[in-house]
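Rule-based calculations on the coordinates, nothing more; no lab input. All values derive from a computational prediction rather than experimental measurement. For neighbour counting, all protein chains shown are included, and Cβ atoms are generated from backbone atoms with ideal geometry for every residue, glycine included.
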Amino acid sequence: MAVVAQSSSVVRRYIEETGLPFNILVDESRDVLRAYGVWHRLGMDAWNIARPALFVIGSDGVIRAVFVGETQAEFPTPDELNEILPELQSSKVPKLQS
């Protein structure tokens, strides 16, 4: 699932154009972004937006891995993502490099 702080009409159009295979939560109020600590009011490269973030949540509801980028262009690499997949079976919560 993805969480985005955009209007539902923009998100709906994007989903229709791309055919995304997962659900998107539209968080226009930014309440979810604030709850996860990824919203920032003002930054060098953006304002009133979320930092790029990834939370891997196990089927038990426990956060297993966290990545929060410092800039809008920072994302985990495929290798970093592949490293955390085995962690879904454990209770460890690795912090990906950001």
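Overview of results
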{"quantity": "Label-point gap, in nm, between I24 and N82 - each point 7 angstrom along Cα→Cβ", "calculated": "2.8"}
{"quantity": "Net charge contributed by nearby residues that have their C-beta within less than 15 Å of G19 (K/R +1, D/E -1)", "calculated": "0"}
